[in-house]
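What follows is a short report on a single structure.
Coordinate-derived values only; no laboratory data. Quick caveat: nothing in here was measured; it's all calculated off a predicted structure. We place every Cβ from the backbone using ideal geometry, glycine too, and count neighbours over all the protein chains shown.
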Amino acid sequence: MSDQSFGRERDVRDDLSSDIVLPPAWLNLLLQDADIDLFEAQDLAPPEPPINAIRVSTGVGKTRTVVEYFAKFGGPIAFFVPTHRLGDEIVREFARHGCRARVFRGRNSYEPSSRADKMCRDLRSVDLALEHGSPISETCCKGKKPDGQTAKCSFYDSCSYQLQFEDEPDVWVIPHQLLFHAQKALGSHGL
C-alpha cells in the first residue's frame, strides 16, 4: 500500500462519526470511491455480522443510503434517531421509497398534528404509576380490575399514544433514548 493511499485512507477515517450501523456490504460501497478496505488497512478480521459501524461526517448521504437499503426489505425494522424532528424527516425519506414508516412517540411527547397536546391525555396517572413502580399500560391504559372486569382509561379509544399502534408500519423510527428503557409497547409489534 503506498503512502499516498494510506494518507487518504487515514483522512477518511479521521472524518468518520459513530451514528450508524450498516451491513457489511455497505461499508465497502460507501467507501469504494476512496478505495478503502478498513479491515485490511488495520489488519483486523471483519466482525461477525450484522454489527459493523463506520463514522462519516454529516451531509455525505449516509441516512439516505441506509433508508434506501432498508426500504427494500420491508419490516419490521427499528431505526433509531436522536430527535422526533429528525424522525419525521426519516419517515418522509422512507415514503419516497414506498416504505411505510412512523415515528414512535412516548406518552409525554407532543402530538405531531397539534404540537400543543401530549400523546397521553392523563399524564397525572402515568406519573403516579411511575412513582409506585407499576406497569403503565396495565395500570393506566387498559388492564383488569380485581374482579376480572376490563378497566380502561376514559381517553383510551381516542388516545394518540394508543392510536399510533393501530396501523403497523414497516419501519418504526424511534428516539434513541428508548434504547435505555424497557418498552413493552414496541415488543408487541414485532421489534
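Scanning residues 5 or more positions from LYS118 or on other chains, those with amide H under 5 Å from its amide H are GLU111, with H placed 1.01 Å from N in the peptide plane. The residues packed around ASP117, meaning those with a beta-carbon under 13 Å from its beta-carbon, carry a net charge of +3 if Lys and Arg are +1 and Asp and Glu are -1.
Full extension from LYS152 to SER137: what is 0.36 nm times the residue separation minus their Cα-Cα distance, to one decimal in nm?
Working: separation 15, 0.36 × 15 = 5.40 nm, distance 0.96 nm.
Gain on extension, LYS152 to SER137, equals 4.4 nm.
Calculated on the alpha-carbon coordinates, the convex hull of segment 47-186 measures out at 161 cubic angstrom per residue. Would you mind checking segment 75-92 for residues with the amide N under 20 Å from a putative spin-label position 7 Å along Cα→C-beta of PHE165? In segment 75-92, the label zone of PHE165 (backbone N under 20 Å from the point 7 Å along Cα→Cβ) covers 75-80. Residue-wise HN-Hα couplings along segment 64-75, as the Karplus relation 6.51 cos²θ - 1.76 cosθ + 1.60 with θ = phi - 60° gives them from phi, are 4, 5, 5, 4, 4, 5, 6, 4, 5, 9, x, x Hz; Gly and Pro carry x. Each other residue within a Cβ distance under 12 Å of ALA101 adds +1 if Lys or Arg and -1 if Asp or Glu, for a net charge of -2. A straight Cα-to-Cα reach below 29 Å connects LYS152 with the lysines LYS118, LYS142, LYS144, LYS184, residues fewer than 8 places away in its own chain not being considered.
Around the amide H of VAL81, modelled in the peptide plane, lie the amide H atoms of ILE174, HIS176, all under 5 Å away and 5 or more residues distant in sequence or on another chain. Couplings for segment 77-82, taken from phi via the Karplus curve 6.51 cos²θ - 1.76 cosθ + 1.60 with θ = phi - 60°, read 10, 9, 10, 9, 9, x Hz in order; Gly and Pro are left as x.
Couplings 3J(HN,Hα) for segment 118-133, derived from phi with the Karplus relation 6.51 cos²θ - 1.76 cosθ + 1.60 (θ = phi - 60°), are 7, 4, 9, 8, 9, 5, 4, 5, 4, 4, 5, 4, 4, 4, 9, x Hz, where x marks Gly and Pro.
Near the amide H of ALA151, within less than 5 Å, lie the amide hydrogens of GLY143, LYS144, LYS145, all on another chain or at least 5 residues away, with H placed in the peptide plane.
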